[in-house]
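The values are calculated or read from the model by the stated rules, or taken from the named source; none is laboratory data. Since we're looking at a predicted model, the values are computed, not measured. When we count neighbours, we look across all protein chains shown, and the Cβ atoms used for this are built from the backbone with ideal geometry, even at glycine.
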Amino acid sequence: MPSLHQFDWSVRDIQFVLWDQFQVQDRLLDHPALIDLGINRELLDTLLTQAQQFAIKELDPIDIDADQEGCHLDEAGRVKVPTAFSQTWKTFVQAGWTELSKPLAKDISLPLVARQAYLEILFGACPSFMMYGGFGMPIAQLIREYGDHWQNETFVDRLLSLEWGGCFCMTEPGAGSDAGSLRTRAIPNEDGSYRIEGEKIFITAGMHDLVENLVYLVVARTPDAPSGTPGLSCFLVPRLTLPMNGDTPTSNGVTATRIEKKMGLSGCATTALSFGMAGPCTGYLLGAQPNTGLKQLSSLMALARMSTGLIGLGIASKAYQNAVQYAHQRQQGTHIRQALNPKAPKVAIIEHADVRNMLLEMKAKVEGCRSLTTKLAFHYTALQQNVPAVSSLDDDEKHHHDRWVALLTPLVKAYISDQSWRISELAIQVYGGHGYIRDNPVEQSARDCKILSIWEGTNFLQSAELIREKCAMGRKSPILDQAIHAMIDFLETSGARDDFNSEARELERSIQALQDAHKAIGAYTKAREIDHVFFTSTRYLKLLAETLIAWLLLDGAVIAKRKLATTEAGSEAHTFLLGRIASMQYFTHYILPIARSQAGIIQHAPTLVNDITPDMFT
């Protein structure tokens, strides 16, 4: 099996996006408070290198074995994670990765844009292992925002350091995306705590012993709660009782009843949990008032959706790098120009046109998705650093960043999770028959990433929210207008028309197509053809995402062309920059025209959704 030295490429491209394209060192790391703490470009480059080495030495070697071993529930109801994970977890903690989520000083943490850079590498190397620490930080942030003093003192530091783990518990047997149907109950106790009773399913990393305790964020209803989503509340439910008065922690009535046998991510225990069935289960209301769970969950869900896109990017990047390495190594056939020469030597399959076509699609999409995730993280970081100790944004700046975060979050979640599946499928195709068997790693990439389009709100729900909440159902949208104006301004001021005129024209056509599609959606809304709006919403999301990615890739290509003038011809840096330009050109000419076709479908396709009856599906 190929080794993981392909992460060299990821580090180089991550650095290009951080330092050259988004200039994070000057735009986000130049504040005195961060400088005093030593948070700078040199530190982040060191973290990237260390993440690369940790991925190579510790995570990638256990990925396939963990997939094949899976997780098991023993007769005593204990979850057994893959054998190698226990020691790797200790190594992970000792290496200091868990410390990077903790505040470095009051209100100051390592910026999200920096954390995402190294987490892409770690998640790409072994996503099932990394899932076990996934919800600790988001739940800790939720407690810091809404919890009382006791909850902050009890949970936050332990969650951030991964001394305790965190799990998000929403889905129930009769309620998936329909959160309003949740039935888990929270019954008040005399001491202000609650007795939790119910069942949750599909809980990622729902039970394990890698940490001392688990904190479940359980969505439930109090007895007098209104029906539907307005009646939801969030509760902090530890797996073991809290260590009060020196007592030894015991079971808090949370039990694992089943581990799902899944298509992928087999090393991560996806469990069904019962609360209060095997004994009393105590939970603590998050916040001062019940029935505010939906509001509280909005920030957690935004982080979860960003993380889902990042995981997809990591898996896609690994699949691409494996495919590149295999294409260099695999000798098969002769070059097409030597097809009639019986003595022609065999060549590596990377010499064949179709293999290069597949690799170029993978390369362009990985680089484009990386720029998209970084742009989202950039704006999110700018908002998070809006504290007196670090910076102060005026209202216009805050609205600017808010709008970008609102627009990009569903795109990062939905588009990247879909493309992770596409890139993994292309990697299998590059391998040919060898990609379909488990002797090689790319079939696992496809299995591992498929869940991402379902997690944290299916990709259709992301597209529906995009059109409804961000793009105003086709009416005037300040959020969309800001993005369109940014792309138009780029074309007018960046020099892109001089450097890459044909690509700039392609982007201009796509911006117009996006505006035409938005206008068509507005017409459907006005005509009350709402079903048709959502019949085409996933197409609109794809059009918007690929137009933005074309812009970001063109921006990167303009930067790359400028840097070529001062880079030694034939050097690795020179080849890398030429590769960035090639990625942009491929995406612009081979992918973007297909994206524009989505606008034509939205505008002109017949409104079939109401003409099709359920009995036609036979």
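Rundown of residues vs (1) modelled with pLDDT of 95 or more; (2) outside any helix (DSSP H, G or I); (3) within 27 Å of ALA523 (Cβ to Cβ), yes/no style:
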site: GLY579; (1), (2), (3): yes, no, no
site: TYR586; (1), (2), (3): yes, no, no
site: LEU592; (1), (2), (3): yes, no, yes
site: GLN598; (1), (2), (3): yes, no, yes
site: PRO606; (1), (2), (3): no, yes, yes
site: VAL609; (1), (2), (3): no, yes, yes
site: ILE612; (1), (2), (3): no, yes, yes
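To keep it simple, each residue is scored yes or no on (1) of a type outside the set (A, V, I, L, M); (2) surrounded by fewer than 20 Cβ atoms within 10 Å (Cβ to Cβ); (3) at pLDDT below 95.
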position	(1), (2), (3)
LEU372	no, no, no
GLN385	yes, no, yes
SER392	yes, yes, yes
VAL412	no, no, no
TYR431	yes, no, no
CYS449	yes, no, no
ASN459	yes, no, no
LEU466	no, no, no
ALA472	no, yes, no
Residue identified as more than 17 Å from GLY165 (Cα to Cα) and surrounded by fewer than 22 Cβ atoms within 10 Å (Cβ to Cβ) among THR255, THR222, THR204, THR241: THR222
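Look through region 78-110, keep the residues that are surrounded by 16 or more Cβ atoms within 10 Å (Cβ to Cβ) and modelled with pLDDT under 90, and return whichever of them is nearest to LEU37 (Cα to Cα). Walk me through it before giving the result.
The initial filter retains those residues of region 78-110 that are surrounded by 16 or more Cβ atoms within 10 Å (Cβ to Cβ), namely 79-82, 84-85, 88-89, 92-93, 97-98, 100-102, 104, 108-110.
Right, trim to modelled with pLDDT under 90 and you get 98, 100-102, 104, 108-110.
Details: THR98: 18, LEU100: 13, SER101: 15, LYS102: 13, LEU104: 7, ILE108: 9, SER109: 10, LEU110: 10 Å.
The qualifying residue nearest to LEU37 (Cα to Cα) is LEU104.
Is it the case, given these coordinates, that THR374 is outside any helix (DSSP H, G or I) and outside the structural domain of ALA220 (by TED's automatic domain parsing)?
On the way: outside any helix (DSSP H, G or I): no; outside the structural domain of ALA220 (by TED's automatic domain parsing): yes.
Considered against the rule, which asks whether it is outside any helix (DSSP H, G or I) and outside the structural domain of ALA220 (by TED's automatic domain parsing), THR374 comes out as no.
Mind listing whichever residues of region 401-445 are within 12 Å of the chain's Cα centre (by Cα) and small (Gly, Ala, Ser)? Before the answer, list the steps.
The initial filter retains those residues of region 401-445 that are within 12 Å of the chain's Cα centre (by Cα), namely 408-420.
Correct list: ALA414, SER417, SER420.
Would region 265-277 turn up any residue that is over 20 Å from MET170 (Cα atoms), outside any strand (DSSP E or B) and not small (Gly, Ala, Ser)? Walk me through how you get there before you give the answer.
Taking region 265-277 first, the residues over 20 Å from MET170 (Cα atoms) are 266-267.
With the extra rule that they be outside any strand (DSSP E or B), the set shrinks to 266-267.
Retained after the next criterion (residues that are not small (Gly, Ala, Ser)): none.
Checked against the condition, which is being over 20 Å from MET170 (Cα atoms), outside any strand (DSSP E or B) and not small (Gly, Ala, Ser), region 265-277 yields no hits at all.
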Every residue from region 208-251 that is in a strand (DSSP E or B) and polar (S, T, N, Q): ASN213, SER233, SER251
All positions within region 24-64 that are charged (D, E, K, R) and surrounded by fewer than 14 Cβ atoms within 10 Å (Cβ to Cβ): ASP26, ARG27, ASP30, ASP36, GLU42, LYS57
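Would you confirm whether or not region 169-180 contains a residue that is part of a helix (DSSP H, G or I) and at pLDDT below 90?
Yes, the conditions are met somewhere in region 169-180.
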Given (1) of a type in the set (S, T, N, Q); (2) within 17 Å of the chain's Cα centre (by Cα); (3) modelled with pLDDT of 95 or more, number of the condition THR381 does not satisfy: (3)
Residues of region 177-212 that turn out to be more than 26 Å from the chain's Cα centre (by Cα) and within 28 Å of TRP89 (Cα to Cα), as a count: 1
Selection within region 481-540 - assigned to a helix (DSSP H, G or I) and either small (Gly, Ala, Ser) or not assigned by TED's automatic domain parsing to the domain that holds ALA560 (or both): ALA483, ALA486, ALA496, SER502, ALA504, SER510, ALA513, ALA517, ALA520, GLY522, ALA523, SER537
Of all residues in region 447-475 being of a type in the set (Asp, Glu), closer than 24 Å to ARG422 by Cα and in a helix (DSSP H, G or I), the one that is farthest from the chain's Cα centre (by Cα): GLU465
Filter result (modelled with pLDDT of 90 or more, surrounded by fewer than 14 Cβ atoms within 10 Å (Cβ to Cβ) and not basic (Lys, Arg)) within region 284-297: GLN289
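Got a sec? Which of LEU110, LEU59, LEU18, LEU29 is in a helix (DSSP H, G or I), within 30 Å of LEU552 (Cα to Cα) and outside the structural domain of TRP551 (by TED's automatic domain parsing)? Give the derivation first.
Details: LEU110 fails: in a helix (DSSP H, G or I); LEU59 fails: within 30 Å of LEU552 (Cα to Cα); LEU29 fails: in a helix (DSSP H, G or I).
The conditions single out LEU18.
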